[in-house]
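Some notes on the structure that comes next.
The values are calculated or read from the model by the stated rules, or taken from the named source; none is laboratory data. Small disclaimer: the values here were computed from a predicted structure and weren't measured. Positions of Cβ are generated from backbone atoms using ideal geometry, with glycine treated the same way; all protein chains shown enter the neighbour counts.
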């Protein structure tokens, strides 16, 4: 009988405890001041008057506007203004405390990169220039020499290269004297040919062949890439990596981290040709024109805006 009474007593205690915990609720909202006794309400989906606010007021986060979560019980009591449901908290904790002290700033950085690439194409601009008293004579002389130059160029470069006319002009040559109108002293005819070839070892031989055939002006030689996409992509990738690295260094210096990349802009791609200039051909017996190809510099620049999260 005594043992039965003990079991019944334990069941009553357990039932009471379960009922007590079942009555507990969790409320969330912002702390707000009120004229009610105790002075604080939790303003969320519903208002709850915090009956035991003094228990938590020593906490640094306990201030107006702080988002909190409280666990406790509602009380069936009457208050002066009934501004909220009376609530006695067992525990209160701030929500998103880290977020309230978190600071987000944006930085703009740039990244630069230069990639070395070996050119695979040479472009030559070769001209025949003739002068004569009469325009027709200048034209005829130029036509004969230009035909010889084109034939020599095609023979020198072979079928894999491209030879095409890139310009033609016939201009009067004027003599100016003070106080007098200019006089035409003669005419100059210019026929320009562009040669594009991929066998860079033939560049010197092409120049020699053109000079021997009658060409007397080189507008320039430039080396370039026919397919520049791989080199361009490599330069862009390195420039982007440098920009991201700079943003990360700034974030570390501020005691934070890069949370996201807001914007990336490519400021420009530069693939400058490598020019070699010569004003005229100078024929030297048994000496071939030397041409050093070298390498190209392909550069890229990236402008990047990053968002940095710090606790400063």
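Here residue 73 does not fit the description of being at pLDDT 90 or above and either touching a helix residue (DSSP H, G or I) at 6+ places or on another chain (Cβ under 7 Å) or in a loop (DSSP other than H, G, I, E, B) (or both).
For the residues 241, 301, the requirement of being at pLDDT 90 or above, outside the structural domain of residue 128 (by TED's automatic domain parsing), touching a helix residue (DSSP H, G or I) at 6+ places or on another chain (Cβ under 8 Å) and within 30 Å of residue 103 (Cα to Cα) singles out 301.
Considering the range 106-213, the qualifying strands (runs of 3 or more DSSP E), each wholly inside and each with 3 or more residues that are surrounded by 18 or more Cβ atoms within 10 Å (Cβ to Cβ), run over 121-132, 183-197.
Within the range 225-239, being surrounded by 18 or more Cβ atoms within 10 Å (Cβ to Cβ) and either without any contact (Cβ under 8 Å) to a residue 12 or more places away in the chain or closer than 27 Å to residue 204 by Cα (or both) holds for 225, 231.
Just so you know, in the range 48-58 the residues that are touching a residue at least 24 places away in the same chain (Cβ under 8 Å) and either surrounded by fewer than 17 Cβ atoms within 10 Å (Cβ to Cβ) or part of a helix (DSSP H, G or I) (or both) include one that is nearest to the chain's Cα centre (by Cα), and it is 55. Just one of the listed residues (192, 198) is closer than 15 Å to residue 210 by Cβ, in contact (Cβ under 8 Å) with a residue 60 or more places away in the chain and out of contact with any helix residue (DSSP H, G or I) (no Cβ under 6 Å at 6 or more places or on another chain), namely 192. Filtered by the rule that a residue be touching a residue at least 40 places away in the same chain (Cβ under 8 Å) and under 13 Å from residue 82 (Cα atoms), the range 38-47 gives a lone residue, 41.
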